[in-house]
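Everything below concerns the one structure shown next.
The values are calculated or read from the model by the stated rules, or taken from the named source; none is laboratory data. Quick caveat, the model's predicted, so the values are computed rather than measured. With ideal geometry, Cβ positions are generated from the backbone for all residues, glycine too; neighbour counts draw on all protein chains shown.
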């Protein structure tokens, strides 16, 4: 076995330039595929960890068939107080509260900007829920208190929009009414939650007439099975509402949907990148045929002194397999570098930190693909070489 | 000289075919993706140009998120109506709603419009296929997807009764096909009915205005912006609304689309690079094998320049053959996709086969692959006659 390796290796080093070019061909494809896979996995992981940070014990109810806040905002339907009461009474639900939102002109520090303003419940129960939601966490100042009047908490992106001039203690004028800023939210990475100003629900209602909630948030009791609680919520709501006029979603479903979407994008991109690998197979086949062609005499001699068809087959298959493996090793190294650079660029421009994933699964996958590409490309040339008749070959 | 180059290629058949196949794969991938992207761009442009270039659109908010949280009001509409230079100003209020017919339920876009609206005037680019416009609040006009039977198991007919958010509406008109699934699956009802349905009176999500003189388009955009800024008390650059012409809308749409298009083409383009590496490799081997031949050719009077040209043409021929087959295959693939898209989401997709592009891609493939042969060919010219003939 050791001799096979030596023989294959020696023939590769004999034609250094050709081997290098063949490896380069496979390398390029491997770099593309591996960096796309690792970046895609990194994206999925970033989404997952964002959700894990917030916790999976949330159940969200939206009107119509809306599956998220954005769709709920575009829905013609809303949820009612009665729905909220029903959700609150469901077994396994710890707290629940409805929110409302609307774009309002906000005046502060000499600027007037359109900002999404949210009305959130600030009774004892509502506060208990808000404090548990990490995308509402406070970085500076404090959270609402039940007895607060005309107060606002501002998202981190809104502070930036107002040239960093908003601070705790400042006064905002929303639709002509004064609100005192008591807290600034921590940056959560979610553009919706970072880009809002929240005020008390009653005060929101006094600014604008909006019937019903576009979304109801709720937390389940710790230790309960979230999906079965969601099922119970659904059954209860079905009794008081028309079927299909609401949608119960768990945080896990939301996360899964985003992961799935990212997965589909990744599959499409990887499939396009795989075209390069296909092309590199044709290059490797060419190299292997040339290699066989050059060594016809050698093969003849080896056979004459007792090498079997199998031996010849393995020597050539190993040769192409090694080409693939080398390409895989270098491809992974360069792909890792490349993916890290791209990740830095993405993090810089999209404000979304992504770290490419290079775990043993990705590494093994890369090596596996490249070895298979090498062996697959070498299969026919190796078969051809093994079936050569020594007499004919020697005569050439 | 070309005859000689062709002879050399067929000499090592397997190797040549493999190299050509590599180029074929790369070229067909790029050609089909390009034609697809081009076809999509054209169908988008066509849909927008059908809308007419004399229209101005006003949207709430200044970004996508703004649009989601904000709405326009009756006062805004009145502000626009009072401006000179605008022929017609109409408001639309649209939201997602559940429509129900027999046992089918779907979530679609429902738009509230004034009763005697003219679809063309609202920037849909198409008119009524059958039936009439709205006369009462309990009537609806439906999009192509609904009456063609694509969305529901059985197609809807004039006179059928559907439920929108559990309220009954009678179908009185069918819209012509616009060409994209989202616009084609909408339902139109009167503004009053829409306000009633959502409980939000005098609200709009879009204004469409037509200018009196087309050459005053940009002037009117500025006029509208100024009037609304004054009304809302906001400064320039901090608007809570967006005013766009048809061209602006198209451009912002194509901008995103083009980024995706070029990204995908770039990834596919890497395969051509890989193909070229293959050509380079084959050329090196081929020159190594034909040292003797080159030596003899040189000794009977072939100049270095001729050797260089010969090998450049030989490597270019890989690209030429690969390019011709690849362009054919790529076009066929794109056409195949067009056929399958006809019934799907992109009914308006048409693949335009531009002969100039096909020629360009074949020529490009010839050029790139002869470039790939440059280094090997230079090596061939450096072979010394005496040494080459001695070599076996």
remark   = If we ask which residues in region A:290-329 are within 9 Å of chain B (Cβ to nearest Cβ) and surrounded by fewer than 22 Cβ atoms within 10 Å (Cβ to Cβ), their number turns out to be 2
Unmet criterion (only one of (1) surrounded by fewer than 16 Cβ atoms within 10 Å (Cβ to Cβ); (2) within 14 Å of another protein chain (Cβ to nearest Cβ); (3) in contact with a strand residue (DSSP E or B) (Cβ under 6 Å, 6 or more places away or on another chain)) for residue A:210 = (1)
key: Boolean, residue B:192 is assigned to a helix (DSSP H, G or I), more than 24 Å from the chain's Cα centre (by Cα) and under 30 Å from residue A:80 (Cβ atoms)   = yes
query = So, in region A:239-264, of the ones that are more than 14 Å from every other protein chain (Cβ to nearest Cβ) and over 23 Å from the mean Cα position of the chain (by Cα), which residue ends up nearest to residue A:54 (Cα to Cα)?
reply = A:248
query = Looking only at residues in region A:71-99 that are in contact with a helix residue (DSSP H, G or I) (Cβ under 6 Å, 6 or more places away or on another chain) and within 14 Å of chain B (Cβ to nearest Cβ), which one is farthest from residue B:107 (Cα to Cα)?
reply = A:73
ask   = Applying the selection to region A:70-85, what residues are crowded, with 19+ Cβ neighbours inside 10 Å and touching a residue at least 60 places away in the same chain (Cβ under 8 Å)?
value = A:72, A:73, A:75, A:77, A:78, A:79, A:83, A:84
message = Could you check region A:185-202 and list, in sequence order, the residues that are crowded, with 19+ Cβ neighbours inside 10 Å and either over 25 Å from the mean Cα position of the chain (by Cα) or closer than 22 Å to residue A:110 by Cβ (or both)?
response = A:195, A:196, A:197, A:198, A:199, A:200, A:201
query = Counting just the residues of region B:262-296 that are farther than 11 Å from residue A:21 by Cβ and at the interface with another protein chain (Cβ under 7 Å from one of its Cβ atoms), which one comes out farthest from the chain's Cα centre (by Cα)?
reply = B:275
request  = May I ask you to verify whether residue A:130 is modelled with pLDDT of 85 or more and more than 13 Å from chain B (Cβ to nearest Cβ)?
outcome  = yes
ask   = Failed condition for residue B:241, given (1) in contact with a helix residue (DSSP H, G or I) (Cβ under 8 Å, 6 or more places away or on another chain); (2) more than 11 Å from chain A (Cβ to nearest Cβ); (3) surrounded by 19 or more Cβ atoms within 10 Å (Cβ to Cβ), with all others met?
value = (2)
Residue under evaluation residue B:19, criteria (1) crowded, with 22+ Cβ neighbours inside 10 Å; (2) more than 9 Å from chain A (Cβ to nearest Cβ); (3) within 30 Å of residue A:286 (Cα to Cα), criterion not met = (2)
Among residues of region A:117-163, those that are surrounded by 14 or more Cβ atoms within 10 Å (Cβ to Cβ) and at positive phi, counted = 2
task = Could you tell me whether any residue of region B:154-162 is away from chain A (no Cβ under 14 Å), assigned to a helix (DSSP H, G or I) and over 16 Å from residue B:137 (Cβ atoms)?
result = no
task = Might you let me know whether region A:97-110 holds any residue that is out of contact with any strand residue (DSSP E or B) (no Cβ under 7 Å at 6 or more places or on another chain) and either farther than 24 Å from residue A:209 by Cα or surrounded by fewer than 20 Cβ atoms within 10 Å (Cβ to Cβ) (or both)?
result = yes
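Conditions (1) over 24 Å from residue A:391 (Cα atoms); (2) outside any helix (DSSP H, G or I); (3) within 23 Å of the chain's Cα centre (by Cα), marked per residue:
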position	(1), (2), (3)
A:315	no, no, no
A:318	yes, no, no
A:333	yes, no, yes
A:344	yes, no, yes
ask   = Do we have any residue at all in region A:38-55 that's surrounded by fewer than 23 Cβ atoms within 10 Å (Cβ to Cβ) and either without any contact (Cβ under 8 Å) to a residue 24 or more places away in the chain or within 18 Å of residue A:238 (Cβ to Cβ) (or both)?
value = yes
message = Residues that are modelled with pLDDT under 90, within 11 Å of another protein chain (Cβ to nearest Cβ) and in contact with a strand residue (DSSP E or B) (Cβ under 7 Å, 6 or more places away or on another chain): list the strands (runs of 3 or more DSSP E) wholly contained in region B:52-124 that include at least 3 such residues.
response = B:86-101, B:104-113
request  = Could you identify the single residue in B:184, B:176, B:202, B:160 that is surrounded by fewer than 19 Cβ atoms within 10 Å (Cβ to Cβ), over 17 Å from residue B:54 (Cα atoms) and within 27 Å of the chain's Cα centre (by Cα)?
outcome  = B:176
request  = Return yes or no: is residue A:169 under 34 Å from the mean Cα position of the chain (by Cα), outside any helix (DSSP H, G or I) and surrounded by fewer than 15 Cβ atoms within 10 Å (Cβ to Cβ)?
outcome  = no
query = When you look at residue B:222, is it at pLDDT below 90, assigned to a helix (DSSP H, G or I), under 34 Å from the mean Cα position of the chain (by Cα) and farther than 28 Å from residue B:341 by Cβ, yes or no?
reply = no
key: Residue count, region B:164-189 (criterion: away from every other protein chain (no Cβ under 13 Å) and either at pLDDT below 90 or more than 27 Å from residue A:243 (Cβ to Cβ) (or both))   = 13
